[in-house]
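The values are calculated or read from the model by the stated rules, or taken from the named source; none is laboratory data. Bear in mind that the values here come from a model prediction, so they are computed numbers and not experimental data. No Cβ is skipped: glycine too gets one built from the backbone with ideal geometry, and neighbour counts run over all protein chains shown. Keep in mind that these areas ignore ligands, DNA and RNA; they rest on the heavy atoms of the full protein, side chains included. Shrake-Rupley method; radii C 1.70, N 1.55, O 1.52, S 1.80 Å.
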Amino acid sequence: MREPADLLNAQRLSELAAEYGPCFYLLSSSQFRRNCLELTEAFRAIYPHFSIAYSYKTNYLPALCRIVDELGGYAEVVSEMEMEIALRCGVQPARIVWNGPVKNAERMEWLLANGGTVHADSLDELQTILALSQKHPNSTFCLGLRCNFDVGDGVLSRFGIDTQSEDFSQAVQLLRDHPRLRLTSLHCHFARRQVEYWPARVSGMLALVDRVTEALGYAPRRVDLGGGLFGKMPDSLKAQFSARIPDYQDYAGAAAAPFAQHFRQASDPPELLVEPGTALAGDCMRFVTRVCGIKQVRGKAFATLSGSQKNISMTGVNPPIRIYPVGEGRHYADVDMVGYTCIEADVLYRHYQGELAKGDFVVFDNCGSYSIVMKPPFILPNVPVLDLDHGDVRLIRRGETFEDLFATYDFGNGGLS
Ligand SMILES: *Cc1c(COP(=O)(O)O)cnc(C)c1O
């Protein structure tokens with residue numbers, strides 16, 4: 001159930017615009033919570049030992065990070081910046097999983113000494129961690145290995161340790177030789193979202209669980225299958241993809257069912273994790289813009305919006321939109337909705353057909369993933385985020401000011417403050 005669209009109207013949007021400016025995001029944190037619960041339920045119905053590790057980089061609004069934590073999920077972070085977000089949201093170190101190819105050694109040491117998990121991306125990184133562990137002779141460090149193998153998706157991934165290489169054997173040997181480095185987790189992540197690639201990911205990881213269990217004499221407590229799941233979309237968006245868009249049940253069938261089968265006799269089966277970002281956040285945010293003007297150039301109509309394609313970070317598709325008319329509209333057969341930047345390619349929606357007028361609100365749906373986190377301070381500062389749930393409005397990120405952005409620059413008149 002998608003509640004807020006119905007609560008919006010031109011009057012309401014005009015009031016919000018009067019207070020927050022001509023451009024802002026509307027979050028539905030209750031939709032995000034529902035997604036977390038539904039996805040968890042879909043997996044747990046088949047394999048009960050399941051948790052979400054939320055991919056912070058997709059959308060790190062603290063309101064969302066806190067919901068995941070409250071529901072018992074993990075924080076999946078890929079930098080010391082994201083780890084700091086988790087800690088400020090009150091996430092316990094033991095609920096933090098740190099992935100990514102480059103990690104700050106000091107912060108990695110801190111997390112490991114405090115019970116968090118680091119997934120090593122290379123043998124070299126594992127050796128760095130071994131050196132760090134020698135400064136903590138009374139601690140056991142929780143480690144994971146990011147596993148790189150072919151799942152037939154046509155991508156030669158640069159992440160993780162090639163499981164067929166000598167490096168992987170050496171990594172396992174290193175863990176064997178140093179029991180204070182505890183293999184807590186086996187991890188993989190593949191970016192391609194089609195469910196067709198999931199069986200290879202799952203069987204690959206199950207084979208690796210058996211292999212490392214045999215080599216180490218103990219089983220990893222967690223198996224983390226990474227992200228790469230589609231989120232919910234309206235039919236108008238689905239129709240723009242060539243393949244069918246899978247739902248949570250489809251992924252649960254592909255991942256949880258083989259786990260249930262593989263561990264059917266295990267007395268202490270591992271916890272299965274996935275790292276959704278898009279699948280949870282995608283349909284939780286809308287982006288509100290206004291039509292600043294409409295003009296014709298050699299027979300082609302352009303509606304210039306107060307927002308930019310950089311705000312919605314969707315390319316190659318027309319996002320789901322809804323127009324809230326304010327002015328007296330005219331019918332257009334073909335308008336491109338373009339952004340405030342000076343980039344020709346800044347087009348938010350192509351070939352719109354219908355009524356439109358200066359002052360109208362154009363609201364873009366499905367803007368929750370890789371939007372606010374990817375938006376550069378290009379030409380204008382960032383706009384506010386409002387949590388609009390059950391009719392209540394809460395400002396959860398204020399609009400950026402000139403001072404916010406330029407406090408780090410030296411303007412040459414007295415140096416940096
Ligand atoms: C980006 C990323 C995710 C989230 O991926 P989505 O498919 O966008 O949800 C999860 N895990 C890792 C390691 C990632 O890099």
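Working only within segment 381-417, note down all residues that are in a loop (DSSP other than H, G, I, E, B), open to solvent by 80 Å² or more (accessible area, probe 1.4 Å) and on the phi < 0 side of the Ramachandran plot.
Hits for segment 381-417 are 398, 408, 409, 410, 411, 413, 416, 417.
What's the number of the only condition in (1) of a type in the set (A, V, I, L, M, F, W, C); (2) farther than 17 Å from residue 373 by Cβ; (3) touching a residue at least 24 places away in the same chain (Cβ under 8 Å) that residue 96 fails to meet?
(3)
Can you name the residue in segment 253-277 that is surrounded by fewer than 22 Cβ atoms within 10 Å (Cβ to Cβ) and closer than 30 Å to residue 317 by Cα and, of all such residues, is farthest from the ligand (Cβ to nearest atom)?
My answer is 253.
Is there any pair linking a residue in segment 146-158 that is without any contact (Cβ under 8 Å) to a residue 12 or more places away in the chain to one that is assigned to a strand (DSSP E or B), with Cβ under 7 Å and at least six apart or on different chains, and which?
If the second residue must be assigned to a strand (DSSP E or B), no pairs are left.
Count, please, the residues in segment 294-315 that happen to be on the phi > 0 side of the Ramachandran plot and touching a residue at least 60 places away in the same chain (Cβ under 8 Å).
Within segment 294-315, residues that are on the phi > 0 side of the Ramachandran plot and touching a residue at least 60 places away in the same chain (Cβ under 8 Å) number 1.
Among the residues of segment 202-240, what is the count of those that are within 16 Å of the ligand (Cβ to nearest atom), charged (D, E, K, R) and over 19 Å from the mean Cα position of the chain (by Cα)?
Total satisfying the criteria: 1.
Would you check which residues across segment 365-385 are more than 16 Å from the ligand (Cβ to nearest atom), in contact with a strand residue (DSSP E or B) (Cβ under 6 Å, 6 or more places away or on another chain) and of a type outside the set (Val, Ile, Thr) and list them?
365, 384
Give 379, 372 a once-over and let me know the one that is of a type in the set (A, V, I, L, M), farther than 30 Å from residue 193 by Cα and touching a Phe, Trp or Tyr at 6+ places or on another chain (Cβ under 8 Å).
On inspection, the qualifying residue turns out to be 379.
Of the conditions (1) closer than 26 Å to residue 317 by Cβ; (2) touching a helix residue (DSSP H, G or I) at 6+ places or on another chain (Cβ under 8 Å), residue 238 clears all except one; give me its number.
(2)
Can you tell me which residue in segment 52-88 is most open to solvent (accessible area, probe 1.4 Å), limited to those that are charged (D, E, K, R) and within 14 Å of the ligand (Cβ to nearest atom)?
57
Scan segment 190-201 for residues that are more than 14 Å from residue 272 (Cβ to Cβ) and either within 13 Å of the ligand (Cβ to nearest atom) or under 19 Å from the mean Cα position of the chain (by Cα) (or both) and jot them down.
190, 191, 192, 193, 194, 195, 197
Given segment 16-119, what helices (runs of 4 or more DSSP H) lie entirely inside it while holding 3 or more residues that are within 30 Å of residue 381 (Cβ to Cβ)?
Output list reads 29-44, 62-70, 80-88.
So for segment 370-393 (the condition being over 22 Å from residue 234 (Cα atoms) and of a type in the set (S, T, N, Q)), does at least one residue qualify?
The answer is yes; a qualifying residue exists.
Tell me whether segment 129-144 contains one or more residues that are free of Cβ contacts under 8 Å to residues at least 24 places away in the same chain, under 22 Å from the mean Cα position of the chain (by Cα) and open to solvent by less than 10 Å² (accessible area, probe 1.4 Å).
So far as segment 129-144 goes, no, none of its residues is free of Cβ contacts under 8 Å to residues at least 24 places away in the same chain, under 22 Å from the mean Cα position of the chain (by Cα) and open to solvent by less than 10 Å² (accessible area, probe 1.4 Å).
List the number of the failed condition for residue 63; all other conditions in (1) closer than 17 Å to residue 389 by Cβ; (2) out of contact with any Ser or Thr (no Cβ under 6 Å at 6 or more places or on another chain) hold.
Only one criterion in (1) closer than 17 Å to residue 389 by Cβ; (2) out of contact with any Ser or Thr (no Cβ under 6 Å at 6 or more places or on another chain) is unmet by residue 63, namely (2).
From 344, 355, grab the single residue that is charged (D, E, K, R) and without any contact (Cβ under 8 Å) to a residue 24 or more places away in the chain.
Residue meeting the stated conditions: 344.
Out of 285, 314, I need the residue that is open to solvent by 30 Å² or more (accessible area, probe 1.4 Å) and within 16 Å of the ligand (Cβ to nearest atom). Which one?
Unique residue meeting the criteria: 314.
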